[in-house]
1. Leaving ligands, DNA and RNA out of it, report the carbon-plus-sulfur percent of the accessible area of the stretch 48-101 at a 1.4 Å probe.
2. Let me see the P(r) profile for the stretch 186-256: every Cα-Cα distance counted, bins of 10 Å, each bin given as a percent of all pairs.
3. Given a 1.4 Å probe, how much area per residue of the chain is accessible, in Å²?
4. Could you rank Asp80, Asp228, Asp327 by how accessible they are, 1.4 Å probe, largest area first?
5. Go through the stretch 107-114 residue by residue and turn each phi into a ³J(HN,Hα) via Karplus (6.51, -1.76, 1.60, θ = phi - 60°); whole Hz please, and just put x for glycine and proline.
6. Which sequence of Arg49, Arg313, Arg63 reflects their accessible areas, 1.4 Å probe, from the largest down?
7. Could you go through the stretch 86-97 in sequence order and give the Karplus-derived ³J(HN,Hα) for each residue, using 6.51 cos²θ - 1.76 cosθ + 1.60 with θ = phi - 60°, rounded to whole Hz, and x for Gly and Pro?
8. Take the Cα atoms of the stretch 138-260, build their convex hull, and give its volume per residue in Å³.
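The values are calculated or read from the model by the stated rules, or taken from the named source; none is laboratory data. This structure is a prediction, so every number in the text was calculated from the model and none was measured. Positions of Cβ are generated from backbone atoms using ideal geometry, with glycine treated the same way; all protein chains shown enter the neighbour counts. To get the accessible areas, we keep the full protein, side chains included, count just its heavy atoms, and leave off ligands, DNA and RNA. Shrake-Rupley method; radii C 1.70, N 1.55, O 1.52, S 1.80 Å.
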Amino acid sequence: MKRTPASARLDREELAAMLALRDPAGREELRRRAESVLLEECGPRVAFRGLVEFSNICRCNCRYCGIRRGNRAVRRFRLDPGEILECARFCAEAGYGSIVLQSGERNDAEFLGFVERAVRAIKRETVSGALPSGLGVTLCVGEQAPDAYRRLFDAGAHRYLLRIETTAPALFARLHPKEQTLASRMKCLESLKAIGFQTGTGVMIGLPGQTHGQLADDLLFFRDMDVDMLGMGPYIANEQTPMRRHAAGTRARHAEILELSLNMIAAARLLLRDVNIASTTALQAMDPVGRELGLQFGANVIMPQVTPVRVRREYQLYEGKPCMDEDPQRCMECLRRRINAIGREVCPDDWGDAPHARRRRAGMPEKQR
Ligand code: 5AD
């Protein structure tokens, strides 16, 4: 019988203590442990997914987000189907293996049909010798009804990301207008899983008033939800939102949030072990080598920008977003160099599913916890 890994028994107090680590020696020890679990469970390869932010039209009014409905300073756009397909072809040719379609949230029939057709076209048009079933498609288009999720799954998307943002009820309520609820988001995650999506979630780190204990609870939630993927990143204030006055402000606070974000990735790796964890763009907004640091603290997925440069500025969820002008070809080369420089390798022409998802599919008994 498989030995229960010590890390699977981490409790809330131990997790909160990991998150609170500030001294370099303690953090390096945490980093090393996370890296060794990563190498053991997932190997050294980093999976790429080309990220297409295909529309910033959004019905939500999240108080932290730059593309919230209430931000009149944003020019709204939606890419044409042909442009999305062009991005997908680029991904397939670049060896990315997977694509993420992300947008603001809409739940009208026109939008749903648009996304469904885009997924079908991508799956159809990207089949090749290297990708016999086409690109892997991950969707990140917010809260939808179960039958909408089902249609998107049937169209060929096999992974879905929906961040819970925070599992602390009072904090969630401060971040969102009252028509957006934690309960509804949880229901969506349940429905995605029931439909058969490989499901990912995540939180923002360093939110005003957020505690280490709350982040530890978030980690335990990820474990209890048995998610396959995580995308977490530092909260970065946006001047065009109601939360601008909570701007991180001092340099000390900035460093603290970056360290906390990296500690969070490491703690997630130690607790969840074989899931995919993204090293997110927001990390790089905080530090020029933020994404490399994320990989070194236990992440194994990178999402290079493939959104056409002409609309990238319109998709600024937070300030200081990097890679605003680089064309996708240059982004790819730059990332490959960065990954090789830290002794890891890219994993071309592969959907890059989490070992956790493969094990679940194979019907192996759930990890003992
Ligand atoms: N800072 C950091 N992350 C943000 N997101 C939205 N606004 C911000 C911000 N100001 C994140 C949310 C969302 C994801 C697409 O982007 O977590 O789920």
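1. On the way: 940 of 1980 Å².
Carbon and sulfur: 48 percent of the exposed surface of the stretch 48-101.
2. The percentages, shortest bin first, are 17, 40, 28, 15, 1.
3. Details: 15250 Å² over 369 residues.
For the chain, the per-residue accessible area is 41 Å².
4. Numbers: Asp80 90, Asp228 0, Asp327 65 Å².
Highest to lowest solvent-accessible surface, that is Asp80, Asp327, Asp228.
5. 10, 7, 4, 4, 5, 4, x, 4
6. On the way: Arg49 10, Arg313 125, Arg63 70 Å².
Per-residue accessible area, sorted high to low, gives Arg313, Arg63, Arg49.
7. Values per residue, Gly and Pro as x: 5, 4, 5, 4, 4, 4, 4, 5, 6, x, 5, x Hz.
8. On the way: hull volume 13.9 nm³, N = 123.
Measuring per residue, one finds 113 Å³ for the Cα hull of the stretch 138-260.
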